[in-house]
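The values are calculated or read from the model by the stated rules, or taken from the named source; none is laboratory data. The model shown is predicted, which means the values in this text are computed figures rather than measured ones. In this analysis, Cβ positions are derived from the backbone assuming ideal geometry, glycine residues included, and neighbour counts consider all displayed protein chains.
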Amino acid sequence: MDQSKAPVLDALAAYHESGQTPFTPPGHKQGRGADRRVRAVLGDAVFRSDLLATSGLDDRTSSHGIVEEAQALMAEAVGAEHAFFSTCGSSLSVKSAMLSVAGPHEKLLVGRDAHKSVVSGLILSGIRPVWVDPQWDAERHLAHPPSAAAFEAAFAEHPDARGALVTTPTPYGTCSDLAAIAEVCHRRDRPLIVDEAWGAHLPFHPGLPTWAMDAGADVCVTSVHKMGSGLEQSSVFHLQGDLVDPDVLRSREDLLGTTSPSVLVYAALDGWRRQMVEHGKALYDHALGLAERTRARVARIDGMRVHGREDFCGPGKAQDMDPLQLVIDLSATQVSGYRAADWLRRNHRINLHVSDHRRISAQLTHADDSDTAGALVAALTDLAAHAGELRTARPVDVPPPSKLRLDQAVLPRDAFFGPTEQVPWERADGRIAAEMLTPYPPGIPAAVPGERLTADVLRYLRTGVEAGMVVPDAVDTEVTSVRVLREE
């Protein structure tokens, strides 16, 4: 195919040139009805290109196949057999992938370090999760993706599982051995779903970790807005092989997706694919070089350790890591990641990616340059100088890995939709959670509906909130009380 084409962008230009008059949604009619104060902030171009995909970008029957051509170009660009655009983010895409592999009460092997969107998929579908434990770094209190051996053991115990789902890279940039996990699945004729939300850029440079399709995954979900040039909510899920029917995957997406997809999101996806095909190698040559130099500069700041492959990769750890994720351990400064992130935003207008009880992380992409990297280094240098006044007397009580793991007593769907009550957190020990309790970011639930809560996990969440942790999906975001299943 001609990868220099951008069918959605070309169709948008043709729409503007043809002078069409819409009597369809959206009601602002290319911005004519939008408040001038709104246009002053968003710009006229946003409204001008916000139109229907059918009876707008394309005709009533989509006879020009504009989006379909753009999806085919995307699939070819990354080496997949099929690509599907989503304007509802990977939170929807991963649910579509799960529903294409397993149904209500069927088993699916799932890495327990999955994002809350995966847990939402379990709640909506009634799929029975078989949790596969991550590889825990007890020294650093960090989870790396599960190993192939862990998936092998899970299949041996649950041979009726319909497939497997693994998250890689993690929000911290660590990656699993996907080729080995795919081999475990395919030996049993079971598909592998990869939540690769943080890896949309991986196909476009050999210096980055192996892309899921190259490793043999069957379905791969990517969030192009995270590491690519897509707009927020832009996602693509890719498919190869014959273990997942493309028509089934398409129908599951249609079940969950919007009937009013954003042409703006489609256009940005289309343009990003062309940009990567034509310039991706050079852009990531620059980005990787910038990341290496920035890592070295930050590592020289007193009290800051920039994690690299020597910390995160090896036996019992991750297979690889994305060097564009600058994960910085602040333990030596005795400053929590929460306080550091807040201070950097307030004093330097620097917004960080992830912050936790001891770390902060800065995400570099192909869009960064020496100016943005310099601003980050200057801000971190100033943070180190102010560490003494930022130390907290309220440390987060992080339990050892063995005590973080909760028992799944009830299906997530049954607990979430069952009879519930709100109880003080001190009285929730031993009760079954009826809500997700998710430190965000990165969005990996500490407790899932149906898991039996323990005093250790509850104390972790309470001390975390007191130290600055955000738990946005809880009914009580301060976690002074917890929603639990009412048991007879």
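Here are the numbers:
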item: So V298, is it aliphatic (A, V, I, L, M), modelled with pLDDT of 95 or more, touching a strand residue (DSSP E or B) at 6+ places or on another chain (Cβ under 7 Å) and outside any helix (DSSP H, G or I); result: no
item: Residue within the stretch 328-335 that is within 19 Å of A467 (Cβ to Cβ), in contact with a strand residue (DSSP E or B) (Cβ under 7 Å, 6 or more places away or on another chain) and among the β-branched types (V, I, T) present; result: yes
item: Failed item in (1) crowded, with 22+ Cβ neighbours inside 10 Å; (2) without any contact (Cβ under 8 Å) to a residue 40 or more places away in the chain, with T477 passing the rest; result: (1)
item: Any hit, the stretch 370-380, residues being part of a loop (DSSP other than H, G, I, E, B), farther than 26 Å from Q334 by Cβ and not charged (D, E, K, R); result: no
item: Pick from the stretch 424-457, criterion in a helix (DSSP H, G or I) and among the charged types (D, E, K, R), ranking: surrounded by the most Cβ atoms within 10 Å (Cβ to Cβ); result: D456
item: Subset of the stretch 253-263 (residues that are in contact (Cβ under 8 Å) with a residue 60 or more places away in the chain and either part of a loop (DSSP other than H, G, I, E, B) or surrounded by fewer than 20 Cβ atoms within 10 Å (Cβ to Cβ) (or both)); result: L255, L256, G257, T258, S260, P261, S262
item: Count of residues meeting criterion [in a loop (DSSP other than H, G, I, E, B) and closer than 23 Å to G418 by Cα] in the stretch 458-477; result: 7
item: Complete set of residues in the stretch 117-134 that are surrounded by 21 or more Cβ atoms within 10 Å (Cβ to Cβ), more than 17 Å from the chain's Cα centre (by Cα) and closer than 30 Å to I328 by Cα; result: V132
item: Residue match in the stretch 418-430 (condition: among the basic types (K, R) and within 30 Å of A341 (Cα to Cα)); result: no
item: Selected residue (only one of A164, A80 is touching a Cys at 6+ places or on another chain (Cβ under 6 Å), in the same structural domain as A180 (by TED's automatic domain parsing) and at pLDDT 95 or above); result: A164
item: Positions within the stretch 156-181 being of a type in the set (A, V, I, L, M), touching a Gly at 6+ places or on another chain (Cβ under 8 Å) and either in a loop (DSSP other than H, G, I, E, B) or crowded, with 24+ Cβ neighbours inside 10 Å (or both), in sequence order; result: L165, V166, L178
item: Lone qualifier among S62, S18 - being closer than 19 Å to D270 by Cα and at pLDDT below 95; result: S62
item: Residue, surrounded by the most Cβ atoms within 10 Å (Cβ to Cβ), within the stretch 320-362, restricted to residues that are out of contact with any Leu (no Cβ under 7 Å at 6 or more places or on another chain) and in a strand (DSSP E or B); result: V327
item: Extreme residue, farthest from G89 (Cα to Cα), among residues of the stretch 253-275 that are of a type in the set (D, E, K, R) and modelled with pLDDT of 95 or more; result: R274
item: Filter result (of a type in the set (A, V, I, L, M, F, W, C), more than 32 Å from the chain's Cα centre (by Cα) and more than 19 Å from R60 (Cβ to Cβ)) within the stretch 18-42; result: A34
item: Cβ pairs under 6 Å, 6+ apart, first in the stretch 65-85 and in contact (Cβ under 8 Å) with a residue 12 or more places away in the chain, second among the basic types (K, R) and surrounded by fewer than 23 Cβ atoms within 10 Å (Cβ to Cβ); result: none
item: Leading residue by the ranking (surrounded by the most Cβ atoms within 10 Å (Cβ to Cβ)) among those in the stretch 101-116 that are out of contact with any Gly (no Cβ under 8 Å at 6 or more places or on another chain), among the charged types (D, E, K, R) and more than 16 Å from M321 (Cβ to Cβ); result: R112
item: So A197, is it without any contact (Cβ under 8 Å) to a residue 12 or more places away in the chain and either surrounded by fewer than 22 Cβ atoms within 10 Å (Cβ to Cβ) or assigned to a loop (DSSP other than H, G, I, E, B) (or both); result: no
item: Tally of residues being surrounded by 15 or more Cβ atoms within 10 Å (Cβ to Cβ), without any contact (Cβ under 8 Å) to a residue 60 or more places away in the chain and under 26 Å from D137 (Cα atoms) across the stretch 381-403; result: 0
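Results for (1) buried (at least 16 other Cβ atoms within 10 Å of the Cβ); (2) aliphatic (A, V, I, L, M); (3) closer than 16 Å to D177 by Cα; (4) assigned by TED's automatic domain parsing to the domain that holds M98, shown as yes or no for each residue.
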site: I193; (1), (2), (3), (4): yes, yes, yes, yes
site: D218; (1), (2), (3), (4): yes, no, yes, yes
site: T222; (1), (2), (3), (4): yes, no, no, yes
site: G228; (1), (2), (3), (4): yes, no, no, yes
site: S235; (1), (2), (3), (4): yes, no, no, yes
site: S251; (1), (2), (3), (4): no, no, no, yes
